[in-house]
Amino acid sequence: MNEVLEEILKTGYTKKHDGSPQKVIGQISEEEGRLIQDCARECRANTSVEIGLAFGTSALFICDSLRKNKNTKHYIIDPYQNFEHSYNGIGLNNLKRAGYENIIEFIEKPSHLGLAQLESEKVMVDFAFIDGWHTFDHVLVDFFFVDRILHVGGMVILDDSDWPAIEKVCSFIKSNRSYEFFGGTSPRSAEGNKNNVVHENKITNKFKNVIGKTPGKRTRYGAMAFKKISHDERSWDHFIDFV
Ligand SMILES: C[S@@+](CC[C@H](N)C(=O)[O-])C[C@H]1O[C@@H](n2cnc3c(N)ncnc32)[C@H](O)[C@@H]1O
């Protein structure tokens, strides 16, 4: 593990450009970092895209996990990284300090524009991490665009999947798209922890047994990883209701 990431995980702080301490907030947990490592290993990821950089914790895990060769590339999309009163460029500086400057490409745009740009440039990735604006519609749009640039066999993680809005997007993926649940982490939100097992009474698709150990119920996860099984071959009017 690189030293910049190690410091964040150990202390909860990182460094500003002048070397003074900066408290890290909103970052993924170490457990989620391990899920990133497992996914990257599973799909032998060379290329990846991430939505939501913040102070760079997930990006540092991802860059550590990619297979290193001449094609290695991590695309990062975040419109607010350089805002003075938020992240102030510290996430990008952390990637530079960790030695990853040459494998990253930073797109300073909201994700719906950044992802569409990657598709128009014919970029394809093996792995994606979605952790940007957390409303249902934004996360669904992120997933929609990610799917269009994700190789079959590639993997996507949705962070904070114990938030109701994001849990709904995961339900949509399970019920309507050709993705297989790969693994998840412990719930972190108050909602997720309050009642970890939720009833699932209306699942009608072929992945109905993937989530949860008890039939008819499913478990909440702090982050959920899915593997892409095939290209989108649904009919134009396909829809399976989901909960
Ligand atoms: C929870 S933080 C991400 C934390 C990060 N993954 C980590 O492990 O440190 C959410 C990030 O999403 C970014 N963000 C907010 N709206 C966005 C949008 N429309 N497109 C892309 N990123 C966005 C924010 O600037 C912020 O950096």
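Assorted remarks:
- Answer residue from the stretch 103-120, given it is β-branched (Val, Ile, Thr) and assigned to a strand (DSSP E or B) and is farthest from Asn82 (Cα to Cα) among those: Ile104
- Filter pass, Ile90 being over 16 Å from the mean Cα position of the chain (by Cα) and within 16 Å of Thr14 (Cβ to Cβ): yes
- Looking only at the stretch 33-77, and only at residues there that are acidic (Asp, Glu) and open to solvent by 10 Å² or more (accessible area, probe 1.4 Å), the one that is nearest to the ligand (Cβ to nearest atom): Asp64
- Scanning the stretch 80-104 for residues that are more than 14 Å from the ligand (Cβ to nearest atom) and of a type in the set (Gly, Ala, Ser) yields a count of 1.
- Any pair with Cβ under 9 angstrom, 6 or more apart, that starts in the stretch 1-27 at a residue that is outside any loop (DSSP other than H, G, I, E, B) and open to solvent by 80 Å² or more (accessible area, probe 1.4 Å) and ends at one that is more than 12 Å from the ligand (Cβ to nearest atom) and among the acidic types (Asp, Glu): Tyr13/Glu7
- Being without any contact (Cβ under 8 Å) to a residue 24 or more places away in the chain and either among the basic types (Lys, Arg) or open to solvent by 20 Å² or more (accessible area, probe 1.4 Å) (or both) is a property that Lys96 has.
- Flag for Phe136 being crowded, with 20+ Cβ neighbours inside 10 Å, more than 9 Å from the ligand (Cβ to nearest atom) and within 22 Å of Ile166 (Cβ to Cβ): no
The values are calculated or read from the model by the stated rules, or taken from the named source; none is laboratory data. Source: prediction; values computed, not measured. As a convention, Cβ positions derive from the backbone with ideal geometry for all residues, glycine included, and neighbour counts pool all protein chains shown. Protein only, heavy atoms only, side chains kept; ligands, DNA and RNA dropped before computing areas. Shrake-Rupley method; radii C 1.70, N 1.55, O 1.52, S 1.80 Å.
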